[in-house]
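K.L.:
What follows is a structure written as structure tokens; I'll ask about it next.
The values are calculated or read from the model by the stated rules, or taken from the named source; none is laboratory data. Note that the coordinates shown come from a computational prediction; the quantities given were computed from them, not determined experimentally. Note that each Cβ is placed from the backbone with ideal geometry, even for glycine, and that neighbours are counted across all protein chains shown. To get the accessible areas, we keep the full protein, side chains included, count just its heavy atoms, and leave off ligands, DNA and RNA. Shrake-Rupley method; radii C 1.70, N 1.55, O 1.52, S 1.80 Å.
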Amino acid sequence: MSLMGILDRIADSATFDRAIEPARRAVLAALKPQAFKDLLHGTWLGHPVHPVLVQVPVGSWTSAGLLDAIPSMRPAATVLIGTGVAAAIPAAMSGAADWSEQGVGVQRLGALHAVGNTVALGLYVGSLVARARGRGGLGRVLSYAGLGVATGSAAVGGHMSYAQSSGASHAATAARALTSDWIDLGPLDDLPDGRPALRTGGGSGVDVPLAVVRRGTRVDVFIGTCSHLAGPMYEGRVEQVRGSDCLVCPWHQSAFDLADGQPRRGPAANPQDKLEVRMQAGRVMARVPGRDR
Ligand code: FES
């Protein structure tokens, strides 16, 4: 069986669910208030922040591994290992925030990823202690072991992103399937006022759900699947969040600005794709912007 097949098997296994769920609830309880959690998600950036933060420990520890091979550079390697240990803390916190509101398969692999990273961190802390006590040989053994474990754990994290779409925008995927033509969404008067309605747009052989929000004569049209985990945005609600009128997802309460689709509250970090709208003889027409320019 391939490595990917093994990881898929782990994602399908319920063996450790009884330990994972209490851990998930503990993370949710610890990461408060919501603004702090959104900081860790990257909601303020409009992009998940975890992949940005992991660059520092990964880069520091990999570079330390190279410098440790050159005796005169070993003091610099120790500095890099310490840098990686310090930077691993915020990286782990952002990863935990994202993990706490993912689907069950991602949570299972995420738990494995977290255990691997914790073991790697422990090995690097042990390496620092050994180096501080003058036991450089043991320190190097521990840090190379840490690098091996961290690399394996990074492969698990990569599978979460590339095979399980963790952190990917599910709205952007749906938007790519939409036709570039103007889509007729029907008469303005058929839309309810102040709450989203479901309409569909064609493209690539599938119907793409759209969330259409009418407020008076103004209409905002979004991809109907939430950028976070593809929740039904057309079943959400309109609400003011942090000073902006937002469309709120019914699944995890992510809020997207009606003006531009930017996330104003997580767990979503990616924006919600918005269509351009025009009125034609009392009918609402929408299309993905910028396709034919
Ligand atoms: S699916 Fe999670 S907030 Fe929408």
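K.L.:
Please list, ordered by chain and number, the residues whose modelled amide H lies under 5 Å from the amide H of residue 215; skip anything fewer than 5 residues away on the same chain.
P.N.:
Amide H neighbours of residue 215: 194, 220.
K.L.:
Pairs of Cα atoms under 8 Å, at least six residues apart: use those to get the relative contact order of the range 3-162, whole percent.
P.N.:
Relative CO of the range 3-162 lands at 25 percent.
K.L.:
Counting pairs of alpha carbon atoms under 8 Å apart in space and at least six apart in sequence, what relative contact order in percent does the range 170-287 give?
P.N.:
Working: 291 pairs, mean separation 30.8, N = 118.
RCO, the range 170-287: 26 percent.
K.L.:
Per residue of the range 9-19, what does 6.51 cos²θ - 1.76 cosθ + 1.60 with θ = phi - 60° give for ³J(HN,Hα)? Whole Hz please, x for Gly and Pro, Karplus curve as stated.
P.N.:
Result, rounded to whole Hz: 5, 5, 5, 8, 8, 8, 3, 9, 4, 5, 8.
K.L.:
Further question on the same structure: Post the alpha-carbon centroid distance, the range 110-124 to the range 152-205, in whole angstrom.
P.N.:
34
K.L.:
Placing unit charges on C-beta atoms (Lys and Arg positive, Asp and Glu negative, everything else neutral), compute the dipole magnitude of the range 3-162 about its Cα centre in debye, rounded to 20.
P.N.:
560
K.L.:
Which ³J(HN,Hα) values in Hz, rounded to whole numbers, follow from the phi angles of the range 277-285 under the Karplus curve 6.51 cos²θ - 1.76 cosθ + 1.60, where θ = phi - 60° and Gly and Pro get x?
P.N.:
With the stated coefficients, the range 277-285 comes to 10, 9, 9, 9, 6, x, 10, 8, 10 Hz.
K.L.:
Separate question: Report the Cα-based extents of the range 49-129 along its three principal axes, largest first, to the nearest Å.
P.N.:
On the principal axes, the range 49-129 reaches 48, 21, 17 Å in Cα extent.
K.L.:
Roughly speaking, what is the centre-to-centre gap between the range 25-50 and the range 224-288 when only Cα atoms are used, to the nearest Å?
P.N.:
20
K.L.:
Quick one: 3J(HN,Hα) in Hz for the range 74-88, Karplus 6.51/-1.76/1.60 with θ = phi - 60°, rounded, Gly and Pro as x.
P.N.:
Rounded to whole hertz, the list is 5, x, 5, 4, 4, 4, 5, 5, x, 4, x, 4, 5, 6, 5.
K.L.:
Among 75, 103, 92, whose Cα lies farthest out toward the positive end of the dipole of the range 3-162, if unit charges sit on the beta carbon of Lys, Arg (+1) and Asp, Glu (-1)?
P.N.:
Of the options given, the answer is 75.
K.L.:
Additional query: Quickly estimate the mean residue ellipticity at 222 nm for the chain, helices only: each DSSP H run with n ≥ 4 gives -39500 (n - 2.57), and the total goes over all residues, rounded to 500. All intermediate terms of the calculation are to be shown ahead of the outcome.
P.N.:
Numbers: 9 runs with 139 residues, N = 293.
Roughly -15500 deg cm²/dmol at 222 nm, from the helical runs in the chain.
K.L.:
To continue, here is another question. Quick one: net charge of residue 248's neighbours, Cβ under 10 Å, K/R +1, D/E -1?
P.N.:
Summing Lys/Arg as +1 and Asp/Glu as -1 gives +2.
K.L.:
In the chain, what percent of the accessible surface is made up of carbon and sulfur (1.4 Å probe, ligands and nucleic acids excluded)?
P.N.:
Heavy-atom surface of the chain belonging to carbon and sulfur, 1.4 Å probe: 61 percent.
K.L.:
What shape does the range 3-162 have by the C-alpha gyration tensor, where a ≥ b ≥ c are the square roots of the eigenvalues, rounded means a/c under 1.5, and otherwise prolate means a/b greater than b/c and oblate the rest? Working shown, then result.
P.N.:
Working: a/c = 2.15, a/b = 1.64, b/c = 1.32.
It is prolate, given that a/c is not under 1.5 and a/b is the larger ratio.
K.L.:
Would you mind working out the magnitude of the charge dipole of the range 170-287 relative to its Cα centre, with +1 at each Lys and Arg C-beta and -1 at each Asp and Glu C-beta, to the nearest 20 Debye?
P.N.:
I would put it at about 200 debye.
K.L.:
Hey, could you grab the Kirkwood Rh for the range 1-53? Inverse mean 1/r over distinct alpha carbon pairs, Å, one decimal. Can you show the working numbers first?
P.N.:
Numbers: mean 1/r = 0.0736 Å⁻¹.
After inverting the mean inverse Cα-Cα distance, the result is 13.6 Å.
K.L.:
Here is a follow-up. For residue 183, list long-range residues whose amide hydrogen, built 1.01 Å from N in the peptide plane, is under 5 Å from its own amide hydrogen.
P.N.:
Under 5 Å from the amide H of residue 183 lie the amide H atoms of 286, 287, each far enough along the sequence or on another chain.
K.L.:
Okay, next question. How large is the accessible surface per residue of the chain, computed with a 1.4 Å probe and reported in Å² as a whole number?
P.N.:
It amounts to 48 Å² per residue over the chain.
K.L.:
Pairs of Cα atoms under 8 Å, at least six residues apart: use those to get the relative contact order of the chain, whole percent.
P.N.:
After rounding, I find 17 percent.
K.L.:
Looking at the range 158-293 from every direction and averaging, what is the projected area of its Cα convex hull in nm²?
P.N.:
Answer in nm², one decimal: 8.5.
K.L.:
Give me Rg over Rh for the chain, both radii from the alpha carbons and Rh done the Kirkwood way, two decimal places.
P.N.:
That ratio is 1.09, to two decimals.
K.L.:
Continuing with this model, one more query. Given the chain, what percent of its DSSP beta bridges are antiparallel, to the nearest 5? Mind dumping the intermediate values first?
P.N.:
Working: 35 of 36 bridges.
Beta bridges within the chain, antiparallel portion: roughly 95 percent.
K.L.:
Further question: Which of 157, 266, 103 moves most in a GNM of the chain, Cα contacts under 10 Å?
P.N.:
103
K.L.:
Under unit Cβ charges (Lys, Arg +1; Asp, Glu -1), what dipole magnitude, rounded to 20 debye, does the chain have relative to its Cα centre?
P.N.:
In debye, rounded to 20, the chain gives about 940.
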